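Visitor: Before I ask anything, let me first share the structure, which is written out below as C-alpha cells.
The values are calculated or read from the model by the stated rules, or taken from the named source; none is laboratory data. Everything numeric in this text was worked out from a predicted model, so none of it was measured. Heads up, the Cβs are rebuilt from the backbone with ideal geometry, glycines too, and the neighbour counts pull from every protein chain shown. Accessible surface areas use protein heavy atoms only, side chains included; no ligands, DNA or RNA. Shrake-Rupley method; radii C 1.70, N 1.55, O 1.52, S 1.80 Å.
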Amino acid sequence: MGVSVAYSHVVGVWRSFFPTVSLEQIINLHKRFKQLSGNEDTISRENLDSIPALATNPIRKQIIEAFFDKRNQRQDEVGSFHEIGFEQFLMVMSHFRPPTLKTTEEEREVMRREKLRFLFNMHDTDSDGTITLDEYRKVVEELLSKSGAIGLEAAKAIADAAMLEVASTNVPHMEPDEFYEGITFEHFEQILKGLEMESRMHIRFLDVNTTTMHCGK
Amino acid sequence: MPSRTGSHRPASFGSSLPERALLLVLVLVFLQGSVLPLGAASSPDVSHQDKTDNHKVEAQGHNYTKKAFPVLSIDYHYIQTPFEISLWVLLASLMKLGFHLIPRLSSIVPESCLLIVVGLLVGGLIKLAGEQVPPVMNTRLFFLCLLPPIILDAGYFLPIRPFMENLGTILMFAVVGTLWNAFFIGGLLYAVCQIQPDNPSSLHQIELLPCLLFGSIISAVDPVAVLAVFEEIHINELLHILVFGESLLNDAVTVVLYHLFEEYSGIGTVSVLDGFLGVISFLVVALGGVLVGAIYGILAAFTSRFTSHTRVIEPLFVFVYSYMAYLSAEMFHLSGIMALIACGAVMRPYVEANISHKSHTTIKYFLKMWSSVSETLIFIFLGVATVDGPHNWNWTFVTVTVILCLVARVIGVVGLTYVINKFRIVKLTTKDQFIVAYGGLRGAIAFSLGFLLDPAHFAMREMFLTAIITVIFFTVFVQGMTIKPLVELLAVKKKQEAKRSINEEIHTQFLDHLLTGIEDICGHYGHHHWKDKLNRFNKKYVKKCLIAGERSKEPQLIAFYHKMEMKQAIELVESGGGVKLPAAMPSTVSMQNIQPKKPPPALPPERALPQLSKGREEEIRKILRSNLQRTRQRVDISYCKTLLLHVEMNNYLTVPSAPPDSPTITRARLASGRDTDFKPAQKQKGDKISPDPQAYSVKPTSDSVPTIQVDLASPQSPDSVNLMDEFRNARQPEQDEDRGLMMKPPSEAKGPKRPEDAEGAKDQQRLMRCLSDPGPSADEDEDEPFLP
C-alpha cells in the first residue's frame, strides 16, 4: 500500500512506544490530519482553533497549546512550535493510549507518569518545572470560564484551597514563614495518585482491541 | 431466645447493667408478643360479650342486672394489627442491637445470617407454642412495603459516575447473564428430572416450562442479599457497582421471564411468537420502568424547587414521589425496581441543589433507617417462613439445583467476561471475575416469587419452595460468611476510604474537558463527546427548570467546593473547637505559606501598615494558638473562615462596643489603614502615631495574616454557614460608623486583593482586643495591653 510505505517511518517511530497501534488507525488519523490542515503538511494553531466543536470547550486554548508544546514530544526540549507535522501530531496523540491486559505493572507506572507529565505541562505554562499559585489559579479560572461572574470569583478561592491541600499533603510541616514555591511534578503525582490516570486518560479510538471507529469525515 | 442469650451472658456481657436490662426488655417484649395473642384469644370474647349484653339490655330498656363498671379490660383485637407490626419491627431492631453487643460475632458472621437464624428461632418458638405462624412472608407485604425502602436507598445514593461508566458491563451481566442462568438451570433440571427411568418418581411429572420458570426465579441475583453482605466487606468500587448494579437491573429480566413462563405453564408450550413477544415485553418492561421513574423524578425535582418556604415537608416529597413511581410501575407490570432507581438517580442532583441541609440529612437518615429495618425484617421473616412453609424435600432436586446454580454462575461470569473484556478498557481480572461470581447471592425476592406461584397450577410448588430456600440459605450462609476471608486471602482491592479532594475534583473535570477536546480534534464522536453534550443540555435547559434561584447556574466544581466548605464548617462547629482534628492530617501549613511574597509593587497598600517585629509576631501567633485551638489544625480554606467565625463569635459575645475615640480603635483603624475606601499608601503613612508604645503593625506581606477569602460571603453561596451571615448582618448597620473594625462584605471591597490583607490585619487586632484571657502560653506581659 502506498500509504503504508509513505508513512512507514512514522509508524516505526510511533510503534516504538505505542506497540499495539494498528496501521488502520494511523491512516485514519492521517486522514483527519489532512482534513484539519487543509491538505497541507503542517497544522497551525489557527487550524485547530477553527474546529467548531471545540468552541464550547472551556480549556480549548490549553488543549491546542499542548499540541504545539515541545515538551510533549518526548525529546527534552522546551518551547513551542509554530506549526506541527503529522509526526508531532501523532506523538501528542500517543499520550492518550489505554493500557491493555498485557501491560505490566511497571509499564502502567511509566504510562501513568507520562500522562501526568502531559497534564503537568498543560498547567505549567512558563516551563519552569513548577505550577505556581498564579498558574493554578489560571487553570481553575479557565475551567470555570464558561460560568460567568460566579466562576471567576470562586476560581481564586478554589485554586487557593487546592494549593493549600497540595502543600499540606506533601510538606506537612512548614514553618510559618516558609514559602511553598509551587507544585513540583513529584507533588503533582502524589496528589493525583488516587485517580489512576493510566485508566482514565485515554481515547477509545486508540484502543486497538475495539472495532476501529471512523474519524469523523 | 432466653436460652441463647443466657448462655452468652457470662462470657460476653460481663456484668454491665444496661446490657442486662436490654436483654430483659428483649425477653419481655418477646414474651408479650407471643403470650398476648394466646391470652387475648379468650378475653376479647368476654369483653365483646359484655358489650353485646349491655347493648341488648339497653335496647330493651329495662330488666337488666347492673354489672360492675369495667375499670380495666383488655381489648386486643382493637389494636392487633398495628401492635403486631410494631412488635416485629421492635424485635428486629433489638436483634440488630443485640448482635453488635456480642463482640466478635458481627465480624465473623454477616448480619443477614444471624437474622435468618433469629427468624428460624422465632418461627420455631411460635410453632412450639402451638400458635399458627403468621404468614409474614406475604408477598404483597414484601413487594409493597419491605422492598421499596431498600431499593430507594440504593437508588438515591447510587454512585452515578461508576455506574454509567460500567453500564455496558452491568447490562451484559444482568440481561445476558440472567438469561443464561435461567435457561441453563431450567433446562438441565428438566433433563435431570427426566432421567432415572427405572425409578419413576414425582420428578417425572415436572414439565419443561415449570422447570424454566423455576430457573428464572432462582437465577436472579438479589439486591437485598448483595447489599447486606457487600456492605460489610468494603470491596472496591468497581466490583461493588458491578455486582450491585447487576442485582438491580436483572429485575426486568426476572419479571418478564417469570410472567412469560407462568402464563404459558398451564398451556405447556411456548411458540416462537411468544418468545418474540417476550423480547419486546422485556424492552417495554425495562425502558418503561425507567421512563416512569424518570418522570416521577423530574416531578419531584420540580416540586422541590418551590419548597423554600416549607422546608419541613421536603423529605416527604422525595419519599412519596419515589414510592408512587414504584407503585405506578408495578401497576403496569413494569419493573418497579428500575423505576425506583431511575427516580432516585434522576431527582437527586436537582433536589439536593434545592433542599435545605437539614432536609438532606433527614432524607439520608430516614432512608438508611427504613432500609435497615426492612432488611432486618426480610431476613427474619425468611427464617420464620422457612419454619412455617410447607416443605417437600427431594434430595435430587435440591442438590442438583444448588450445584447447577453455582456452576451456571461461574460459567456465565467467565464466559461473559471474556466477551466484555474485548470492549473494556479497564479489563476484569480473574480475581474480579471470581468475586463477581461468588457474590451472586440469592435472597428473599426469589422466595417471594416462588411463594406467588399458584398452588393450583403448580403442584410441585412446595418442592420449588424448599429448593429455593435451600439455595438462599446456601448462598447467604456459606458464600456470605466466606466471602470476607476470601477477599482478604485474595488481596482484592478494598474501597478507598480517602475523602475526595478538591484537586481530584478539579482534575476530573479538567480531564473530562481535555478528553472531549481531543475527541473533537480527532473528529471522533466518542462517549466523552456525548457526555459533554448531555452536560451542556443539562446546564442550559434542565437545571434552569428544576433548580431554584441562583443555584441553577452554579458549576459543579463550585458546588463541590461549597459542599466541602460547609462540611468542614459544620464539623468544626460540632467539634466545638475541641482538639479533635476534623481534617485527615495535622499540618502547620496555612494560607500564609502559599501566598506569594509580593515584591513591593509600585503602589503597595501594605506599606501603610508599619512593620511588626519578629517578637511581636510570635506573640500574636502564640495568642492565636492558645486561644483558638484550631488555628494550628486548620489545614485548609476553612482556617480563615473559622478564624473569622470564632472572632465574630467572641466579638459578638464578649466585647461591648468601644467608644470611637479609644486608643485601641484609633490604633486599629490606623493599622487597618482604611475606613471604607482604600486610601493610598502615602497618605496613610503620615497618619502614624509613632510614639505609641503599643503601636504595632502587621508585616506588609500577607504571610503572617490569615487572609480572609472573599468567597465566603459571596451571595451566590446560600449554603455558607448561616452563622456567618447572621453576624455579618448584625454588623451591617455599624459599618457606617467610623470604627474601622468591621469586616466589610467583600462585595464592597474596592480592590480585589488589597482589602483582604487589610481586613486580615483588622481581624487580628480585633482578636487581640476581645481576648479577655490570653491563655497560659502568652507569657509576655506586653500582651495585656492589647486587651480592652
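Visitor: Please state which one of B:523, B:480 is of a type in the set (Gly, Ala, Ser) and more than 8 Å from every other protein chain (Cβ to nearest Cβ). Lay out the reasoning, then the answer.
Guide: Working: B:523 fails: more than 8 Å from every other protein chain (Cβ to nearest Cβ).
Going through B:523, B:480 in turn, the sole match is B:480.
Visitor: Restricting to region B:267-303, name every residue that is modelled with pLDDT of 90 or more, in contact with a Leu (Cβ under 8 Å, 6 or more places away or on another chain) and either more than 16 Å from residue B:254 (Cα to Cα) or of a type in the set (S, T, N, Q) (or both).
Guide: B:292, B:293, B:298, B:301, B:302
Visitor: Being out of contact with any Cys (no Cβ under 7 Å at 6 or more places or on another chain), in a helix (DSSP H, G or I) and at pLDDT 90 or above: is that true of residue B:472 here?
Guide: On the way: out of contact with any Cys (no Cβ under 7 Å at 6 or more places or on another chain): yes; in a helix (DSSP H, G or I): yes; at pLDDT 90 or above: yes.
In short, yes.
Visitor: Given the conditions (1) assigned to a helix (DSSP H, G or I); (2) in contact (Cβ under 8 Å) with a residue 40 or more places away in the chain, report the number of the one that residue B:270 does not fulfil.
Guide: The single condition residue B:270 does not satisfy is (1).
Visitor: Exactly one condition in (1) modelled with pLDDT of 90 or more; (2) over 17 Å from the mean Cα position of the chain (by Cα) is false for residue B:241; which is it?
Guide: Only one criterion in (1) modelled with pLDDT of 90 or more; (2) over 17 Å from the mean Cα position of the chain (by Cα) is unmet by residue B:241, namely (2).
Visitor: Residue by residue through region A:121-170, note down the ones that are free of Cβ contacts under 8 Å to residues at least 12 places away in the same chain and within 9 Å of another protein chain (Cβ to nearest Cβ).
Guide: A:134, A:147, A:148, A:149, A:150, A:151, A:153, A:154, A:157, A:161, A:164, A:168
Visitor: For region A:182-194, how many residues are within 9 Å of chain B (Cβ to nearest Cβ) and surrounded by fewer than 18 Cβ atoms within 10 Å (Cβ to Cβ)?
Guide: Summing the residues that are within 9 Å of chain B (Cβ to nearest Cβ) and surrounded by fewer than 18 Cβ atoms within 10 Å (Cβ to Cβ) in region A:182-194 gives 1.
Visitor: Look at region A:126-145 and say how many of its residues are within 18 Å of residue B:513 (Cα to Cα) and not in a helix (DSSP H, G or I).
Guide: 1
Visitor: Follow-up question, since we're still on this one. Here is a check on your reading of the model: is residue B:473 open to solvent by less than 10 Å² (accessible area, probe 1.4 Å) and in contact (Cβ under 8 Å) with a residue 60 or more places away in the chain? Spell out how you get there, then give the answer.
Guide: On the way: open to solvent by less than 10 Å² (accessible area, probe 1.4 Å): no; in contact (Cβ under 8 Å) with a residue 60 or more places away in the chain: yes.
No: the conditions fail for residue B:473.
Visitor: Got at least one residue in region B:453-469 being among the basic types (Lys, Arg), in the same structural domain as residue B:403 (by the TED database) and in contact (Cβ under 8 Å) with a residue 40 or more places away in the chain?
Guide: Step one: list which residues in region B:453-469 are among the basic types (Lys, Arg), which gives B:461.
Add one more test, that the residue is in the same structural domain as residue B:403 (by the TED database), and what stays is B:461.
Now narrow it down to the ones that are in contact (Cβ under 8 Å) with a residue 40 or more places away in the chain: none.
No; the residues of region B:453-469 include none that is among the basic types (Lys, Arg), in the same structural domain as residue B:403 (by the TED database) and in contact (Cβ under 8 Å) with a residue 40 or more places away in the chain.
Visitor: Here's something else I'd like to know. Among the residues of region B:528-550, which ones are at the interface with another protein chain (Cβ under 10 Å from one of its Cβ atoms) and either free of Cβ contacts under 8 Å to residues at least 12 places away in the same chain or closer than 27 Å to residue A:162 by Cβ (or both)?
Guide: First pass over region B:528-550, keeping only residues at the interface with another protein chain (Cβ under 10 Å from one of its Cβ atoms): B:528-529, B:532-533, B:536, B:539, B:550.
Passing the criteria: B:528, B:532, B:533, B:536, B:539, B:550.
Visitor: Moving on. Take the residues in region B:551-563 that are open to solvent by 30 Å² or more (accessible area, probe 1.4 Å) and more than 14 Å from residue A:155 (Cα to Cα); name whichever of them is farthest from the other protein chains (Cβ to nearest Cβ).
Guide: So the residue we want is B:563.
Visitor: Check residue B:466 against each of (1) open to solvent by less than 70 Å² (accessible area, probe 1.4 Å); (2) under 30 Å from residue A:170 (Cα atoms) and name the one condition it does not meet.
Guide: (2)
Visitor: Go through B:79, B:85 for me and flag whichever is modelled with pLDDT of 85 or more and assigned to a helix (DSSP H, G or I).
Guide: Working: B:85 fails: modelled with pLDDT of 85 or more.
When all the criteria are applied, what remains is B:79.
Visitor: Return the only residue of A:92, A:110 being open to solvent by less than 30 Å² (accessible area, probe 1.4 Å), among the β-branched types (Val, Ile, Thr), more than 8 Å from every other protein chain (Cβ to nearest Cβ) and in a helix (DSSP H, G or I). Before you say what the answer is, go through the steps one by one.
Guide: Numbers: A:110 fails: open to solvent by less than 30 Å² (accessible area, probe 1.4 Å).
Being open to solvent by less than 30 Å² (accessible area, probe 1.4 Å), among the β-branched types (Val, Ile, Thr), more than 8 Å from every other protein chain (Cβ to nearest Cβ) and in a helix (DSSP H, G or I) holds for just one of A:92, A:110, which is A:92.
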